[in-house]
1. Among the residues of segment 125-143, write down those that are under 22 Å from the mean Cα position of the chain (by Cα) and closer than 20 Å to L166 by Cβ.
2. Are any residues in segment 79-124 β-branched (V, I, T) and within 16 Å of the chain's Cα centre (by Cα), and if so, which ones?
3. Looking for something within 23 Å of S183 (Cβ to Cβ), surrounded by fewer than 16 Cβ atoms within 10 Å (Cβ to Cβ), among the hydroxyl-bearing types (S, T, Y) and under 21 Å from the mean Cα position of the chain (by Cα) - is there at least one such residue anywhere in segment 148-156?
4. For the structure I just gave you, tell me whether Y130 is out of contact with any strand residue (DSSP E or B) (no Cβ under 8 Å at 6 or more places or on another chain), in the same structural domain as R76 (by TED's automatic domain parsing) and aromatic (F, W, Y).
5. Condition check: farther than 12 Å from H119 by Cβ and assigned by TED's automatic domain parsing to the domain that holds L95. Does A137 satisfy that?
6. What residue, among those in segment 59-90 that are within 26 Å of Q107 (Cβ to Cβ) and part of a helix (DSSP H, G or I), is modelled with the highest pLDDT?
7. What is the one condition in (1) surrounded by 13 or more Cβ atoms within 10 Å (Cβ to Cβ); (2) of a type outside the set (G, A, S); (3) under 17 Å from K184 (Cβ atoms) that L95 does not satisfy?
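The values are calculated or read from the model by the stated rules, or taken from the named source; none is laboratory data. Nothing here was measured: the structure is a model prediction, and the numbers come from that model. All Cβ positions, even for glycine, are placed from backbone atoms using ideal geometry, and neighbour counts span all protein chains on display.
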Amino acid sequence: MKKETKTLRPATLALACALSVPFAASAGDYMMEHFWSAQPKGTAWVSGSGECWQSLNGAGDLAPCVKPVPEEFVVRLNFEFDKYQIANVVNDAELRRLDDYISRVNQSEPQEQLSLTGHTDAKGSEAYNYQLGLNRANAVRNYMVTKGIPARDIVSVESRGELDMLPNHDIYSVQQRRVTIRSKVDG
C-alpha cells in the first residue's frame, strides 16, 4: 500500500501564511496588553477597564493591584415590594457586586467621599416614592458602614424617588429601583 502525501499549492500556502500573521500579531497584542513591566519598580498597573495588569517579571515586583473606585456605581438591589431593608433584597448577585465595590473602597488609598441616591419605579405617589428611595439609600448606607466604610466618608444620602427614570426601561420595571453611589476623592 502506497502512502499518499499531499502537496500544498502555492496559493493555498500563501493563504495559510497570510492567515497566520494576524493571529501572531493578536497573540503579541495580548501579551502587550496583559503583561507589563512596572516602572518604577514596585508600582501596580491597572488597565482602563479596571483589570489588573501583571508583570512580566512575576508578581514579586508589583505592589498588590487595587482596582480604582469608579466615580459612579449603580447597584440594582431588587427589594421586595414596599420594602427597604437589605434583608429584603432578592437578587444576591447584586449584593455581591455591592460587596465587591465596598471592598474596593476599603482598599483604596485616597480617602473616598461617597454620595448615595435612591431611585424607585413609578408605582405609588411621588411623595411616597421619594421616602421609599431615601429609605433604600439609607439601607445601603447602613450596610456599607457595617462592612467597614467609615460613616464620615458617606457625605450625603438623598432620594430622587421616581424623578430620574431610566429611559430604556418601563417606568414600572424593577430596573428603575436602584441606588447610585458617586465617589469623589477627598482633597
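1. Initial filter on segment 125-143 (under 22 Å from the mean Cα position of the chain (by Cα)): 136-143.
Within segment 125-143, R136, A137, V140 qualify.
2. Pass one, segment 79-124, residues β-branched (V, I, T): 86, 89-90, 102, 105, 117, 120.
Selection gives I102, V105.
3. Among the residues of segment 148-156, not one is within 23 Å of S183 (Cβ to Cβ), surrounded by fewer than 16 Cβ atoms within 10 Å (Cβ to Cβ), among the hydroxyl-bearing types (S, T, Y) and under 21 Å from the mean Cα position of the chain (by Cα), which makes the answer no.
4. On the way: out of contact with any strand residue (DSSP E or B) (no Cβ under 8 Å at 6 or more places or on another chain): no; in the same structural domain as R76 (by TED's automatic domain parsing): yes; aromatic (F, W, Y): yes.
Judged against the criteria, Y130 is not a match.
5. When the stated conditions are applied, A137 does not pass them.
6. Taking segment 59-90 first, the residues within 26 Å of Q107 (Cβ to Cβ) are 59-77, 86, 89.
Filter once more, so that each one left must be part of a helix (DSSP H, G or I): 59-61, 86.
On the way: A59: 55, G60: 56, D61: 56, I86: 91.
Ranking the candidates gives I86 first.
7. Evaluating L95 over (1) surrounded by 13 or more Cβ atoms within 10 Å (Cβ to Cβ); (2) of a type outside the set (G, A, S); (3) under 17 Å from K184 (Cβ atoms) leaves (3) as the failure.
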